[in-house]
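The structure appears below as structure tokens.
The values are calculated or read from the model by the stated rules, or taken from the named source; none is laboratory data. Note that the structure is a prediction, hence the values are computed from the model and not measured. Here the Cβ positions follow ideal geometry from the backbone for every residue, glycine too, while neighbour counts run over all protein chains shown. Calculation scope for accessible area: heavy atoms of the full protein, side chains included, ligands and nucleic acids excluded. Shrake-Rupley method; radii C 1.70, N 1.55, O 1.52, S 1.80 Å.
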Amino acid sequence: MRKRVIPIIASIMLLGGCWDTRNIDHIVYIHSIGIDYKDGQVIAYVQLIDFTALAKVEAGGGREKAAISVGKAAGETFNIATDKIYSSIQQRVSWGHVKSIVFTKRALQKGIVADVIDVLNRYNEIRHTAWVYATEEPLSELFEATPLLNASSYYSLLSNPEEIFQQSSFIRPIRLSRLIVDMDEKADTARLPYLTVDRRRWIENKKPKPMLAVSGVCFVHHYSLQQCVRRSDLEGLRWLEHDIRRTPIYVKQNGKTVASLVVREPKTKWSIKVKSGEPAFTVQVQAQGAIIELREPLSRKQLTKLAEQTVKQEIRRLYELGKKQQIDLLNLSEQLYRQRPDLWKKHQINGLIPLHNNTLFVNVELVISASGKEKLNYRAGD
């Protein structure tokens, strides 16, 4: 009798550990958080995605139309706003799968960022690996923009920006942990990718298909928005960013595009000297490029010279824009703080140094290492 009772008791004890578990479809998973500010109220948005449909696709099932739900609540603070979401969501909520956080420009301008990050730092479910963005789009429309071919928002730009960045590197995505570090440093200017909804470029099933796009960068210094700059004015930024994998150069001659190159993993080195009592920066860019398109019969030497001039001009234009608007777009203050903290302390104003005409010098060394299946000298010689 005793031998029969012991297995029964053991099985009951093992089953007891499963009684409080929940199926995946019994829990609501927050995928993205949006923060807006209007009329003295913080407005919190949450995007929910269906993980059960995602599991079916990964298991080899057919792809169904992606379901998206967006919730919205307002309150005096970010925490009060998110607490109001519980009253009508009707299922247990999990915040442990948040992949992205989006601030509107209004929220960045009103200094809400520090309050939001304080809450995120204290709440144990939120991970600091979430991607962070800025936008001027209505957050409900931004969260409803799903990828092509009925793909889940789990694979959208909001949660997987690295895939696109590795193929075409321009504006580097930033995680919450990196953003906090950048904003806590008085000498640093954080770069938030600026999201828009492209409503003109794609058509799906004969209807316009809204798609997410990174259209610029919002520069934030010490938790305060400085300005958002459009993508077309930021071409020089890619040569100064970290982890640039692959980026194109469109080489012009007399205002006409004559060649296209693709550059892989450019290297940047900074040096600092003192000229006329002011810090002077020299940036050395080294890169290797491959020819993708050649529209004019140029030699390797000619093409190299034009490509180097293009990179120099892009960096100089970016610096001149920052000088005009007094925004440290190139993060020169951070470079000075790291290399010469004595000079930084002497010249900094609220953590940033003033920009002058003779502050930046640019050197570029570019090597064309490949020309594709067709030899470069097929049309022009080396």
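Details
- Maximal additional length on extending the residue 76-residue 274 stretch stands at 66.4 nm, based on 0.36 nm per residue less the C-alpha distance.
- Annotation: lysines with alpha-carbon distance below 30 angstrom to residue 38 (same-chain offsets under eight excluded): 72, 84, 99, 105, 110, 186, 209.
- Straight-line cross-link partners of residue 252 among the lysines, defined as a Cα under 17 Å from its Cα and at least 8 positions apart when in the same chain: 301, 305, 312.
- Which labelled figure in (i) 16.7; (ii) 19.2; (iii) 28.5 is mean projected area of the Cα convex hull in nm², once derived from the coordinates: (iii)
- Separation in nanometres of the label points that stand 7 Å from Cα toward Cβ, at residue 27 and residue 150: 2.7
- Residue ranges 347-360, 277-290 sort as 277-290, 347-360 when ordered by packing (mean number of other C-beta atoms within 10 Å per residue, highest first).
- Over the chain, Cα pairs under 8 Å with separation of 6+ residues give a relative contact order of 12 percent.
- On the range 257-311, 45 percent of the accessible area sits on carbon and sulfur atoms, based on a 1.4 Å probe.
- Of all accessible heavy-atom area on the range 39-195, the percent that carbon and sulfur account for (1.4 Å): 44
- Per residue, the accessible area of the chain comes to 56 Å², computed with a 1.4 Å probe over protein heavy atoms only.
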